[in-house]
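Below is one structure; the comments refer to it alone.
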Amino acid sequence: MNKILILPNEKDCNIEGYLYIPSYDVFPFEKINNSWFVRSQRIYALYLALKNNLKATATLYSITRYVMPPDILKKHIFELKIGDKITSPEVLFSNLGYERVFNVTDGGQFSTRGDIIDFLGPNQIPTRIELFDNIIEDIRTFDIATQKSIKKLEYAIILPAKEYIEPVLHETILGEKYKGTFLDYNITFEVVNKEKVIEEYIKKEREIRELIIDPQLRKKYINFSGIDYNKILEVSKEKILENTKKRKEKASDEINSIPVISQEDFQIGDYVVHKEYGIAKFSGITKITQKNLEREFLILQFKDSKLFVPTDRLDLVQKYIGASETVKLDNLRKSNWIRKVNKAKKEIQNTVKELLRLNALRKMTKGLPLPGDPELEKEFANTFPHIETEDQLKAIEEVSEDLSADKNMDRLIAGDAGYGKTEVAMRAAFKTVVSGKQVALLVPTTVLARQHFENFQKRFKKFGIKVELYDNSLTPKQKENVKENVKKGITDIVIGTHGIIASMKFSDLGLLIIDEEQKFGVHQKESFKKIRVNINILSMSATPIPRTLHMALSGIKDMSILKTPPIGRKNIQVFVSKFDERIARQAILREVNRGGQVLYVHNRVNTIKDVADNLKKIVPEVKIEIAHGQMSKRKMEKIIKEFYDGNLDVLVSTSIIENGIDIPNANTLIVDDSHRYGLSQLYQLRGRVGRSEKRAFAYFFHPSKINKTAQERLKAIKEIMGPGSGLQIALKDMEIRGIGNILGLEQHGFINDIGLNYYLEILNEVLSNLEGKIEPKINTELIGMKGSIVIPENYVSDPVERLRLYRRISSLSTEKEVDEILNELEDRFGTPPESVINLLKYTKLRILSSKMGISKVIFNENSIILYSKNNLNLNIPHIYNEKEKAYVIFLSEEEFIEFLK
């Protein structure tokens, strides 16, 4: 039986056991589409209603909108099984409103690659269909992060990706084409708090109509957007809601980290580093055919000439990350490059030795293992209101193991804003306290201190754990009380700004947690270093760490990386434009209408009141307050608490909210002086919204004229989106302003000389050598092999994806990896053509030759020449040229491969 529960507000609709049918998250005639969340939930609700299996919540506004009638929707639902026929998949999916892409990474997308069709529809199951001459041969799910298949399915359900099939004036005005309503779907309606439901509906309708200035468009909206709300209420029963629980997002909603374009991808015009020749500009890719054999080459423009690099040696070329504005191209004919690399190597060796010395000293200091209490810890973990991501669980386990060990912990938790670092810290704090020790949590701002204090108190109170706040908002007497409680051991956890380290004596401190360590000054960091050797330290940073840096430093610093967004985390819709009062009003009303709140950032204290007063004139319907660092601490905290509790609609503040304010209900950000901020600051601000399953909006306003650097920053904040974007922002920021200091490693310009990627590779090499882990490099050259070795465009059409595959293949180091990538290519793109098989055979030959110590292989008509400085001990007939260190053998290519195996 179908049932919809009608509630007053969108924020009331999140009830366990019910599907939420959201209202539109765009205004009528706005030039953006509804988010995928809104579209998919609404279509899936109608599909479930056709199956007589709908149990949902919605506002009155949401279900009075026109929808596709049941008979039309039925005609556009396809349930396909193995053996069924698909004639024109491109036409089918396009007609249903799907967007064609190369790799499916989000809902409402489809891709066709040869006989492979991928799509992700409103049922949220990434589905892969494999055809054989239009007949479905296999159906399986796939992982949108790795693009690899997971498990087989019995059938595929293809639902429309939009609420309309025929073109419409705007997707919020469906009534011109479709007069279907939720009443047509055999649904029972129950209304909770009828008076409030009507009041909220009328308020929303009035505000929307006010925003439509054009009388013709307003008339269209009134006639074609939805039905009279009384038609729904007439058939609704009144209901009193009791004991409802908030819906917890399902684990299957989790989306893994999908960088849209990784830090390794480069485009025409980008600076690149060739490891042997230096910095050049990437000019494109060209095909060269010799004796009917095809190969693809990268064209690199150096200062004096061009270099053609075969794509199978893409492992030698990396994107340059550094001070792009001052970078100089290297000369192919001069040897400056080798000198620069050797200088950087020497500097890295000195730095690493110092870091290793500090690390060894810490490891030699015997710590006190904290046993914890597994039962209580399990009970505490159950109070976490969300589902942990895999990264979080791994980090929690690593921290727990550190605390249980007999050496002191010094671990860094790094991850994008809002990716769950605080929960890792809470679990560590709990384990420490139940082991009989105290915890100090150090933060850079009083706002963040207050928020952590409230969150910790909420979670720890029921376990009888005393949490106290120590910051400048306290009176001198209150400060003394806290210090006395900490000294006597009455306080278990103390949270505050850096003053707590300088001014407190602890009864038995077991763990120091440092949040946003990169925000503290040099003097404060020195005081951390003094206590680092003999205490457990957990540092947290929202400055993302490149994967290669993580690998490089894993030998000298314990690190946990949180790279998976929390469940339900959505991409943010970013707007960059000159300030416009109408846009600001529209943005605020949209958010408030859907039950949310707005953060408005203006970073000038002397004019912030004028800005807030003007805003009150623009949007008189909403409740607005101001918060900034120069007002009294008590007043500021009171206002922020009001906002946190949902009693304010708009908080106008300075960039104090850049760190720490975590309000999932605030999903619109407006920054009215965005040209004044650095890129990482803009990123931190952007990270304040988008912490729930609702689509978030970020508006970055600027004056008419801004300088080139500000333009670049705003372009980057708009373009770089999605999971892992923090890493890309960090790298982009490094490109814009050059690179300073990575985790205490002073570089003195060496990174800018050779680029971040190559710097990290050398760092990795130096560390491996010092630890005695010498990894063999695959650096064998093959010349004259028969057959084309390319990935043709008709097999992988996307140029970025082809380059990625070339890079991955050129970086393989074992035969097993070659076999795995062959399986992946078959899974994702279908049967590989001969030239791709040749490329993989060529790669295997390089790996096997390298393992034997062969540096170069030349294939001739009747012989093969092997160059090696080693004694190869060949047990087959051969001729040895001692001067050239070359062996001539008389085998075919196939015989040579078997010989190497």
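Pick from segment 276-308 the residues that are in a loop (DSSP other than H, G, I, E, B) and surrounded by fewer than 18 Cβ atoms within 10 Å (Cβ to Cβ): which of them is nearest to the chain's Cα centre (by Cα)? Before the answer, list the steps.
Initially, segment 276-308 is screened for residues in a loop (DSSP other than H, G, I, E, B), giving 276-277, 291-292, 302-305.
Those still in the list that are surrounded by fewer than 18 Cβ atoms within 10 Å (Cβ to Cβ) too: 276, 291-292, 303-305.
Details: Glu276: 33, Lys291: 46, Asn292: 44, Lys303: 37, Asp304: 40, Ser305: 39 Å.
Here the answer is Glu276.
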Do we find that Glu166 is within 38 Å of the chain's Cα centre (by Cα) and either modelled with pLDDT of 90 or more or within 15 Å of Leu73 (Cβ to Cβ) (or both) in this structure? yes
Every residue in segment 205-227 that is within 12 Å of Leu183 (Cα to Cα) and surrounded by fewer than 15 Cβ atoms within 10 Å (Cβ to Cβ), please. none
Looking at segment 782-807 only, could you name the residues that are of a type in the set (D, E, K, R) and either buried (at least 16 other Cβ atoms within 10 Å of the Cβ) or in the same structural domain as Phe119 (by TED's automatic domain parsing) (or both)? Glu801, Arg802, Arg804, Arg807
For segment 94-117, which positions are within 17 Å of Ile77 (Cα to Cα), out of contact with any helix residue (DSSP H, G or I) (no Cβ under 6 Å at 6 or more places or on another chain) and surrounded by 19 or more Cβ atoms within 10 Å (Cβ to Cβ)? Leu96, Gly97, Tyr98, Gln109
Report, by residue number, each residue of segment 663-713 that is in contact (Cβ under 8 Å) with a residue 40 or more places away in the chain, over 23 Å from Leu615 (Cβ atoms) and part of a helix (DSSP H, G or I). Leu679, Ser680, Tyr683
Out of Ile139, Ile150, report the one residue that is in the same structural domain as Thr87 (by TED's automatic domain parsing), surrounded by 19 or more Cβ atoms within 10 Å (Cβ to Cβ) and more than 30 Å from Leu217 (Cβ to Cβ). Ile139
If a residue counts only when it is among the aliphatic types (A, V, I, L, M) and surrounded by fewer than 16 Cβ atoms within 10 Å (Cβ to Cβ), which helices (runs of 4 or more DSSP H) contained entirely in segment 372-483 have at least 2 such residues? 374-381
May I ask you to list the residues in segment 122-136 that are among the charged types (D, E, K, R) and surrounded by fewer than 13 Cβ atoms within 10 Å (Cβ to Cβ)? Asp133
In segment 55-85, what residues are free of Cβ contacts under 8 Å to residues at least 60 places away in the same chain and in contact with a helix residue (DSSP H, G or I) (Cβ under 7 Å, 6 or more places away or on another chain)? Ala56, Thr57, Ala58, Lys74
Check off (1) free of Cβ contacts under 8 Å to residues at least 24 places away in the same chain; (2) more than 30 Å from Phe132 (Cα to Cα) for Val91 and give me the number that stays unchecked. (2)
When you go through (1) surrounded by 12 or more Cβ atoms within 10 Å (Cβ to Cβ); (2) modelled with pLDDT under 85; (3) out of contact with any helix residue (DSSP H, G or I) (no Cβ under 9 Å at 6 or more places or on another chain) one by one for Ile348, which number turns out not to apply? (3)
Within segment 147-239, which helices (runs of 4 or more DSSP H) (wholly inside it) include 1 or more residues that are in contact with a Gly (Cβ under 8 Å, 6 or more places away or on another chain) and either within 30 Å of Phe93 (Cα to Cα) or among the aromatic types (Phe, Trp, Tyr) (or both)? 215-224
For Gln41, the lone unmet condition from (1) of a type outside the set (A, V, I, L, M, F, W, C); (2) in contact with a Pro (Cβ under 6 Å, 6 or more places away or on another chain); (3) farther than 19 Å from Thr172 by Cβ; (4) in the same structural domain as Thr181 (by TED's automatic domain parsing) is (3)
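Collect the residues in segment 467-519 that are of a type in the set (Phe, Trp, Tyr) and either outside the structural domain of Phe453 (by TED's automatic domain parsing) or touching a residue at least 60 places away in the same chain (Cβ under 8 Å) (or both), keeping them in residue-number order. Give the derivation first.
We begin by selecting, within segment 467-519, every residue of a type in the set (Phe, Trp, Tyr); these are 470, 506.
Residue satisfying the conditions is Phe506 alone.
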Given the conditions (1) buried (at least 20 other Cβ atoms within 10 Å of the Cβ); (2) outside any loop (DSSP other than H, G, I, E, B); (3) aliphatic (A, V, I, L, M), report the number of the one that Val91 does not fulfil. (1)
Going by the conditions given, is Lys248 of a type in the set (Lys, Arg) and either assigned to a strand (DSSP E or B) or modelled with pLDDT of 90 or more (or both)? no
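Looking at Glu30, Glu10 in this structure, which one is among the acidic types (Asp, Glu), in contact (Cβ under 8 Å) with a residue 12 or more places away in the chain and either touching a Cys at 6+ places or on another chain (Cβ under 7 Å) or under 30 Å from Val91 (Cβ atoms) (or both)?
Just one listed residue meets the conditions, Glu30.
The values are calculated or read from the model by the stated rules, or taken from the named source; none is laboratory data. Please read these numbers as outputs of a predicted model, since none were measured by experiment. Don't worry about glycine lacking a Cβ; one is built from the backbone with ideal geometry, like all the others, and counts go over all protein chains shown.
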